[in-house]
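K.L.:
Have a look at this one.
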Amino acid sequence: SAAGVLVCLLEYPRSKRKKGSTMERCGQKYLTAVVKVFGPLTRNYYIRAVLHAALAVPAGFLLSTILGTVCLGIASGIYLLAAVRGEEWRPIEQKPRER
């Protein structure tokens with residue numbers, strides 16, 4: 001469904017860590033560009049928490065989608081906790097290679 005595609009597009013690009021290094025996923029740079037276009041709507045974890053919670057509500061009415069509802073609810077809680085701690089999504093920029 002469209003909600004699943006939206007969640008996949010939002011979740012596939014990894015965020016850059018504050019400390020250490022982060023491995024970029026295969027093909028992530030293309031989806032990172034899409035996520036960067038939407039700016040604060042996709043970077044802010046409060047917005048992501050609300051979005052995941054809102055997507056979980058309609059799925060909770062069918063028994064066949066209850067597992068997806070639980071997963072979206074847990075993801076919403078994790079994003080809310082991360083937002084309270086001051087985290088946000090940051091793109092992984094490639095460093096220029098030294099010669």
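The values are calculated or read from the model by the stated rules, or taken from the named source; none is laboratory data. Small disclaimer: the values here were computed from a predicted structure and weren't measured. Using ideal geometry, Cβ is built from the backbone for each residue, glycine included, and neighbour counts are taken over all protein chains shown.
K.L.:
As an exercise: evaluate Leu81 against (1) in contact with a helix residue (DSSP H, G or I) (Cβ under 8 Å, 6 or more places away or on another chain); (2) at pLDDT 95 or above and give the number of the one condition it does not meet.
P.N.:
Evaluating Leu81 over (1) in contact with a helix residue (DSSP H, G or I) (Cβ under 8 Å, 6 or more places away or on another chain); (2) at pLDDT 95 or above leaves (1) as the failure.
K.L.:
The conditions are (1) surrounded by fewer than 11 Cβ atoms within 10 Å (Cβ to Cβ); (2) in contact (Cβ under 8 Å) with a residue 24 or more places away in the chain, and Leu9 fails exactly one of them. Which is it?
P.N.:
(1)
K.L.:
In addition: Can you name every residue in the stretch 9-35 that is more than 21 Å from Glu87 (Cβ to Cβ) and of a type in the set (A, V, I, L, M, F, W, C)?
P.N.:
Within the stretch 9-35, Cys26, Ala33 meet the criteria.
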